[in-house]
1. Which values of log₁₀ I(q)/I(0), to two decimal places, follow from the Debye formula for the chain at q = 0.07, 0.12, 0.15 Å⁻¹ with a uniform point scatterer at every Cα?
2. Once each part is reduced to its C-alpha centroid, what is the distance from region 123-158 to region 216-245 in angstrom?
3. If you place +1 on the Cβ of every Lys and Arg, -1 on the Cβ of every Asp and Glu, and leave all else neutral, what size is the dipole of region 42-119 about its Cα centre, to the nearest 20 Debye?
4. Using only helices, what value at 222 nm comes out for the chain when you add -39,500 (n - 2.57) per DSSP H run of length 4 or more and divide by the total residues, to the nearest 500 deg cm²/dmol?
5. Largest first, what is the accessible-area ranking of Thr174, Thr75 with a 1.4 Å probe?
6. Which lysines have a Cα lying under 25 Å from the Cα of Lys35, excluding residues fewer than 8 positions away in the same chain?
7. In whole Hz and in residue order, list the ³J(HN,Hα) couplings for region 52-65 that follow from phi through the Karplus curve 6.51 cos²θ - 1.76 cosθ + 1.60, θ = phi - 60°; x for Gly and Pro.
8. Roughly how many Å² is the accessible area per residue of the chain, as a whole number, for a 1.4 Å probe?
Amino acid sequence: MRRKIVAGNWKMNGSRGLVEQLVPPILSGMASLAKDVDVVVFPPALFVRDVVESGSPDVGVGVQNLACWSGGAYTGEISADMARDSGCGYALVGHSERRQLFAETDSQIAAKIVQAVNSDLTAVLCVGETLEQRRAGTAEHVVAAQMRAGLADVGSDQWSRIVVAYEPVWAIGTGKTATADDAQAMHAAIRQALSAFGAPAENISLLYGGSVKADNAAALFAQHDIDGGLIGGASLKADEFMSICRAVPGEC
Ligand code: PGA
């Protein structure tokens, strides 16, 4: 059975004060969630320890990015081992903001995935098409290609450390969400592409991201191939984030 995951990507927002505001209500709300839901937050790296110290082990913690290398003279970078050593269990890799604003390439993303899984982190690979690509009818092709490139070097015994987040670029931070039907269709296509790629697709959690809010989460999470969400803006408000977490179906 694949895990359900709701993850909050704080991006470059917040402060240590926000950690103190957000983590306690997440912890106290955990009892009201379906049993098989993992809640994860991706704070700015400087606040990872604060989250780990106030929320661990119930709340998973991850970095929003990591280095392609295991260590050395790479000023400003953070390695997968450092993230692990600081208490992280997860790493986001290939978020569209990293691809677009920092020109991250598929080969760098593939190297980061390897670093993450070799350090026993669960890597959340982000994939998604632009509006132009969707309009041109190439969305599934683009997303499958990103998936194959990003996961090219995952070892056959490392798939349990892989999660894929489908985040259409046009839906991120825009208030536009894919319809539940469109999101389900893409998730089914990703699962099929994973299977064709030789991955144990039925066991890999697929998350939807892009303007998920308390009022649209239930319809998305009810879909067969959507195993949870990657939440940006709405993860900065405890009430809304917990409402989204509660929208995952299942027994408490
Ligand atoms: P959003 O961001 O929920 O604010 O659209 C999602 C993301 O970028 O992961």
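1. The calculated log intensity ratios at q = 0.07, 0.12, 0.15 Å⁻¹ are -0.20, -0.62, -1.02.
2. 21 Å
3. Working: 5 positive and 9 negative charges, 31 e Å.
Rounded to the nearest 20 debye, it is 140 debye.
4. Values: 10 runs with 95 residues, N = 252.
The helix-only estimate for the chain comes to -11000 deg cm²/dmol at 222 nm.
5. Working: Thr174 70, Thr75 145 Å².
Final ranking, largest accessible area leading: Thr75, Thr174.
6. Candidates past the 8-residue exclusion: Lys4, Lys213, Lys237.
7. For region 52-65, the Karplus-derived couplings read 4, 6, 9, x, 6, x, 5, 9, x, 10, x, 9, 7, 6 Hz, x marking Gly and Pro.
8. Details: 11040 Å² over 252 residues.
Accessible area per residue: 44 Å².
The values are calculated or read from the model by the stated rules, or taken from the named source; none is laboratory data. Values in this document were obtained by computation on a predicted structure and should not be read as measured data. So basically every Cβ, Gly included, is an ideal-geometry build from the backbone, and we count neighbours across all protein chains shown. Side chains are part of the model used for accessible areas, which takes the heavy atoms of the whole protein and leaves out ligands, DNA and RNA. Shrake-Rupley method; radii C 1.70, N 1.55, O 1.52, S 1.80 Å.
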